[in-house]
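Let me begin by presenting the structure, written as structure tokens, before commenting on it.
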Amino acid sequence: MIPAPNAACRLLMVFLVLTAHTALAQQAASKPEDIRNLKLRDWQPRSMLKTKVTRIALPKFPVIDVHNHLGGGAAVLTKRRVDKYIAEMDAAGVRTVVNLDGGWDARLQETIAALDEAHPGRFLTFALIDLRGFDEDGWSKREADRLRKSFEAGAKGLKFHKSLGLSYRDKDGKLLGIDDKRLDPIWALCGEMKRPVMIHTSDPAAFFTPLDRYNERWHELNKHPNWLFHGEKYPSREELLEQRNRAIGKHPKTTFIGAHFGNNPEDLATVGKWLDAYPNFHVDIDARISELGRQPYSCRRFFIKHQDRIMFGTDTTPQADAYRLYYRFMETDDEYFDTAESHHRQGFWMIYGIFLPAPVLEKIYNGNAVKLLGLSPAGSL
């Protein structure tokens, strides 16, 4: 019989095994990595192009940012935070920012006090409605009455998030549609009181397709899997946009602003048809210059043709450098530049400037918003 190893022998055996593993690991580390095994998520290409770079500190005309999220309520909108917003706005030539986070009741009043009233002309607050309990008796009247009070308190418009059509379900699991008749009193009230509706419907086209090797937003969707709306659980993107358009057509006296270029910047021809079909429909450019700037020829033609129906927005907390990327897109003919700093990386492509004529720039930067929101002319920088 072979005697069992004593403690010293066992320690020696462990030492030899660890030494062998360490030697193998060092040997493997010393070998160059086979680039053919690079994972897609680790690929970070750097362009070798040498192109013109135009720095624009200030826009040609004062800017009104119609789509932003500054937070709501006194606890969030402290003097320090608001002063920082204003400093960034001043540095970037932004006259006014529309805050879409007003909420309702006490939160709305606190938000208006911290922004609109404390800094007249610099901020405009939009209200929200409470979609919870939409299948309860009396919900439509309750929210219409609440919204009327919000407008009387100083809210300049109403915001709907993409959750309308995608998230709110009744007790039987049925989604609340954007064209549901229970929302008719809300749309009608906005028309009566001449308050525009900023409506975010659906999301980028890639977010409604399978997360596979063909998905052009693969990186984003792997990082944010909750942004994927593909599958039987959700309505199609086309159905959501049709629901919104039915509501717009049913309420011609109400002004609708389609957030994110109507959430269809991948298909400019269709957005143009919507603008032709619905005189009460407008779009903003917020968080979509990544899509618009990769089709510069079509985009420039579109902006010139529909110059009275497009507004400036960012969807990005005021940052001077982020604004300046928008100005570079709007004002220059720079080629193949990155826009990640303007919002966040969307797709893996670069964009091109569309060098809009000055009269078109002025309308998009501020003129259209002045008319739609009933503001005083923006003047000059």
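The values are calculated or read from the model by the stated rules, or taken from the named source; none is laboratory data. All figures in this text were calculated on a predicted structure; none of them were measured in a lab. Note that we place each Cβ from the backbone using ideal geometry, even for glycine, and neighbour counts take in every protein chain shown.
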>> Given the criteria among the hydroxyl-bearing types (Ser, Thr, Tyr), out of contact with any Ser or Thr (no Cβ under 9 Å at 6 or more places or on another chain), surrounded by fewer than 16 Cβ atoms within 10 Å (Cβ to Cβ) and in a loop (DSSP other than H, G, I, E, B), does Tyr214 qualify?
In response: yes
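Being free of Cβ contacts under 8 Å to residues at least 60 places away in the same chain, in contact with a His (Cβ under 9 Å, 6 or more places away or on another chain) and either in a helix (DSSP H, G or I) or surrounded by fewer than 16 Cβ atoms within 10 Å (Cβ to Cβ) (or both) narrows it down to one of Gly272, Gly231, Gly249, so name that one. Steps first, answer last, please.
Values: Gly231 fails: in contact with a His (Cβ under 9 Å, 6 or more places away or on another chain); Gly249 fails: in contact with a His (Cβ under 9 Å, 6 or more places away or on another chain).
Only one candidate passes the filter, namely Gly272.
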> Among the residues of the range 329-352, which ones are on the phi < 0 side of the Ramachandran plot and either among the hydroxyl-bearing types (Ser, Thr, Tyr) or crowded, with 23+ Cβ neighbours inside 10 Å (or both)?
Replying inline: Phe329, Met330, Thr332, Thr339, Ser342, Ile351, Tyr352
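So, of the residues in the range 129-158 that are under 17 Å from Arg182 (Cβ atoms) and among the hydrophobic types (A, V, I, L, M, F, W, C), which turns out to be surrounded by the most Cβ atoms within 10 Å (Cβ to Cβ)? Steps first, please.
Step one: filter the range 129-158 for residues under 17 Å from Arg182 (Cβ atoms), giving 129-148, 158.
Then keep just the ones that are among the hydrophobic types (A, V, I, L, M, F, W, C); that gives 129, 131, 134, 139, 144, 147, 158.
On the way: Ile129: 21, Leu131: 17, Phe134: 18, Trp139: 18, Ala144: 19, Leu147: 23, Leu158: 25.
Looking at residues that are under 17 Å from Arg182 (Cβ atoms) and among the hydrophobic types (A, V, I, L, M, F, W, C), I get Leu158.
What are the residues in the range 58-98 that are among the basic types (Lys, Arg) and in contact with a Phe, Trp or Tyr (Cβ under 8 Å, 6 or more places away or on another chain), if any? It would help to see each step written out before you state the result.
First, the residues of the range 58-98 that are among the basic types (Lys, Arg): 60, 79-81, 84, 95.
Correct list: Lys60 only.
Listed here are the residues, each with its yes/no results for (1) under 30 Å from Ala153 (Cα atoms); (2) within 20 Å of the chain's Cα centre (by Cα).
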site	(1), (2)
Ser167	yes, yes
Cys190	yes, no
Asp212	no, no
Leu240	no, yes
> Can you pull out the residues in the range 326-349 that are closer than 18 Å to His260 by Cα and at pLDDT 95 or above?
Replying inline: Tyr326, Tyr327, Phe329, Met330
> Which one is nearest to Leu356 (Cα to Cα) among residues in the range 252-269 that are surrounded by fewer than 24 Cβ atoms within 10 Å (Cβ to Cβ) and either at pLDDT below 95 or β-branched (Val, Ile, Thr) (or both)?
Replying inline: Thr255
